[in-house]
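S.K.: Would you mind keeping the following structure in view while I ask a few things?
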Amino acid sequence: MRRGEPKLTRGANRSPSCKGTCIIGYGVAAAFVLAMLYLMVSTQFSFSSSPKDSESIHATTRQRSHPGQEDEKREMEEEVAVVHTEPSTGRHRGNERYSDDWEERQQRQEKEKDTVKFSEFGGGTDDFNNVANKKLICDTSFGKYDVCELEGDARAQGGAGATVTVVSPRAAPREWKIKPYSRKYLDGLKAVTVRSVPNAEDAPPCTTRLNIPAMVIELGGLTGNYWHDFTDVLVPLFIGARRFSGEVQLLVVNLLPFWVDKYRKIFSQLSRHEIIDLEKDHGVVRCYPHVVVGYGSRKEFTIDPSLDDTGGGYTMVNFTEFLRHSYSLPRDRPIKLNHHQGSRPRMMILERTNSRKFMNLPEVVAAAEAAGFEVSVAGRPKASYDEFVREVNSFDVMLGVHGAGLTNCLFLPTGAVLVQIVPYGRLESIARTDFGEPARDMGLRYIEYAVAAEESSLTDVFGKDHPIIKDPISVHMSGWGNVAEWYLGKQDVRINIDRFRPVLMQVLEHLH
Ligand SMILES: *[C@@H]1O[C@H](CO)[C@@H](O)[C@H](O)[C@H]1NC(C)=O
């Protein structure tokens, strides 16, 4: 529900010194701004303000998804993390509308199909209807991902167009095309056919049988971007597979062997069994008592136990515990300063190379050292990933500008501090969705530092009177492209140390 809080209250919370009057002033100003925006939007951008026009909203979403995939891998790593969280923040409302519409339509279709099904079965008893309703094989009602549960006699047949068939004597034959990825709306995903047939003879004969469940999942998508690696694949996989305690076989579409190898410690904890490249699995029919097709999570980079069914009430704290176990990381808790007087808490400062760089890193380091921290600056891992992760676990504080590197906070001890520097341009809500809320869900102490216009390189470039500086809301309204290009893509930050120092004090307080 935190996300449901009105934005104004949130903004006021962050400046506790002026609660009462500020809220009112803020409210009046905001109402004015909103009214102006409404006028602007309804004239210039009428397509996106029309709730019924789900096609064009969809089209813009897809467009946004596209550039990242065409860019170089490196750029993808740097930029796309934010581009693709976009559906769940500010402008994301359009997308929700799209999925609501879509959901409605889908549910109507499902109902129509169910009616057909029941009449084919001569109407059925109430009892039968109840069973049939409970046992819908594929749930395609959610805009982000689909999940199918095939129980009893499920058979997976690989090859170019993989098919999973469930023998389901009480239901009418049915077929779905499922993209078993956590963001089904992305371009370039492959579909798996899921079939339900009434008789075993209608299903391909088994050539191998394993008496454990299997999960059909797709890689690809946006994997390769560090944040998406976890948000789109590893967290959803934990949500779907952890319940099986390693006794599950993964059948993978779009298998990326080098990628799986990077995270082999995580994969080997989630499944003790061979990972099958489903597309190359010719001439085999693998049979299981239970197959799950698809995976996903409701929110970004976190688990919401009230929405995500993990089969065991797992939380994001459990996920980070699981990671520490997978990598045999030694530290569960950060330093406690009142117990270790004289010792210096360890701070990792993440250095970015492309955009959103610190322009005065030496000053930031000096200020942190003066405040009592032992500081290390880290760029891209030079050691192996496993060694790097171990190093991350040795820190008590992580500090960095918004970007995929902050994903490393997964390996901090529970209770450690994450400081996210939010670049200029009204990026707070994106920053919170991507890292702020997830960090809290991980049990980290989270501090946000939003840079002022004076601390942004964009002020050097455009001057303080340019709309990019004066009017970030209008930039957001003009489309995601400008936000991505300027605020995320071409901005560096020069931290005002005097303004920043209280953050360092706050970090220390959290470690007491
Ligand atoms: C999940 O985390 C909570 C809170 O840390 C803990 O109480 C619970 O035992 C964990 N569950 C499992 C299965 O580890």
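The values are calculated or read from the model by the stated rules, or taken from the named source; none is laboratory data. What you are looking at is a predicted structure, and each value in this text was computed from that prediction instead of being measured. No Cβ is skipped: glycine too gets one built from the backbone with ideal geometry, and neighbour counts run over all protein chains shown. Areas reflect the complete protein model, heavy atoms only, side chains present, ligands, DNA and RNA absent. Shrake-Rupley method; radii C 1.70, N 1.55, O 1.52, S 1.80 Å.
S.K.: Among the numbered criteria (1) at pLDDT 95 or above; (2) outside any strand (DSSP E or B); (3) within 26 Å of Thr433 (Cβ to Cβ), which one does Met347 miss?
M.R.: With respect to (1) at pLDDT 95 or above; (2) outside any strand (DSSP E or B); (3) within 26 Å of Thr433 (Cβ to Cβ), Met347 is out only on (2).
S.K.: Does any residue in the stretch 315-326 that is closer than 10 Å to Asp441 by Cα come within less than 6 Å, Cβ to Cβ, of a residue that is open to solvent by 10 Å² or more (accessible area, probe 1.4 Å) and not charged (D, E, K, R) six or more places away or on a different chain, and which pairs are these?
M.R.: Note: pairs meeting the criteria are Thr315/Pro305; Val317/Gly443.
S.K.: Do you know which residues across the stretch 331-350 are touching a Phe, Trp or Tyr at 6+ places or on another chain (Cβ under 7 Å) and open to solvent by 50 Å² or more (accessible area, probe 1.4 Å)?
M.R.: Passing the criteria: Arg344, Arg346.
S.K.: Could you tell me whether the stretch 284-291 includes any residue that is part of a loop (DSSP other than H, G, I, E, B) and open to solvent by 10 Å² or more (accessible area, probe 1.4 Å)?
M.R.: Looking through the stretch 284-291, at least one residue is part of a loop (DSSP other than H, G, I, E, B) and open to solvent by 10 Å² or more (accessible area, probe 1.4 Å).
S.K.: Which number in (1) without any contact (Cβ under 8 Å) to a residue 60 or more places away in the chain; (2) surrounded by 15 or more Cβ atoms within 10 Å (Cβ to Cβ); (3) under 22 Å from Ile495 (Cβ atoms) marks the one condition that Glu391 misses?
M.R.: Failed condition: (3).
S.K.: Within the stretch 144-248, considering only strands (runs of 3 or more DSSP E) that don't extend past its boundaries, which have at least 3 residues that are closer than 11 Å to Tyr295 by Cα and touching a Phe, Trp or Tyr at 6+ places or on another chain (Cβ under 8 Å)?
M.R.: In the stretch 144-248, 214-218 are the strands (runs of 3 or more DSSP E) which contain 3 or more residues that are closer than 11 Å to Tyr295 by Cα and touching a Phe, Trp or Tyr at 6+ places or on another chain (Cβ under 8 Å).
S.K.: Could you tell me whether the stretch 354-368 includes any residue that is farther than 30 Å from Val194 by Cβ, open to solvent by 20 Å² or more (accessible area, probe 1.4 Å) and within 16 Å of the ligand (Cβ to nearest atom)?
M.R.: No, the stretch 354-368 contains no residue that is farther than 30 Å from Val194 by Cβ, open to solvent by 20 Å² or more (accessible area, probe 1.4 Å) and within 16 Å of the ligand (Cβ to nearest atom).
S.K.: Applying the selection to the stretch 314-325, what residues are within 19 Å of the chain's Cα centre (by Cα) and either in a helix (DSSP H, G or I) or more than 9 Å from the ligand (Cβ to nearest atom) (or both)?
M.R.: Within the stretch 314-325, Met316, Val317, Asn318, Phe319, Thr320, Glu321, Phe322, Leu323 qualify.
S.K.: I've got another one for you. Evaluate the stretch 295-313: report whether one residue or more is within 11 Å of the ligand (Cβ to nearest atom) and open to solvent by less than 40 Å² (accessible area, probe 1.4 Å).
M.R.: Checked the stretch 295-313: at least one residue is within 11 Å of the ligand (Cβ to nearest atom) and open to solvent by less than 40 Å² (accessible area, probe 1.4 Å).
S.K.: Pull out all pairs, ordered by first then second residue, where Cβ-Cβ is under 7 Å, the residues are six or more apart or on different chains, the first lies in the stretch 408-432 and is free of Cβ contacts under 8 Å to residues at least 24 places away in the same chain, and the second is away from the ligand (no atom under 16 Å from the Cβ) and open to solvent by less than 10 Å² (accessible area, probe 1.4 Å).
M.R.: Glu428/Val422
S.K.: Looking at (1) surrounded by 19 or more Cβ atoms within 10 Å (Cβ to Cβ); (2) touching a Leu at 6+ places or on another chain (Cβ under 9 Å), which one does Arg195 not meet, given that it meets all the others?
M.R.: Arg195 satisfies every listed condition except (2).
S.K.: Another question, if that's okay. Go through Val248, Val216, Val253 for me and flag whichever is touching a Cys at 6+ places or on another chain (Cβ under 9 Å), touching a residue at least 24 places away in the same chain (Cβ under 8 Å) and over 28 Å from Leu406 (Cβ atoms).
M.R.: It is Val216.
S.K.: Then there is this: If you go through the stretch 442-465, how many residues are within 16 Å of Arg494 (Cα to Cα) and within 16 Å of the ligand (Cβ to nearest atom)?
M.R.: Result for the stretch 442-465: 0.
S.K.: Same structure, new question: Right, Ser328: small (Gly, Ala, Ser), surrounded by 21 or more Cβ atoms within 10 Å (Cβ to Cβ), away from the ligand (no atom under 16 Å from the Cβ) and outside the structural domain of Ile430 (by TED's automatic domain parsing) or not?
M.R.: no
S.K.: While we're here: Looking at the stretch 469-491, which of the residues that are touching a Ser or Thr at 6+ places or on another chain (Cβ under 6 Å) and crowded, with 19+ Cβ neighbours inside 10 Å is farthest from Ile430 (Cα to Cα)?
M.R.: Ile469
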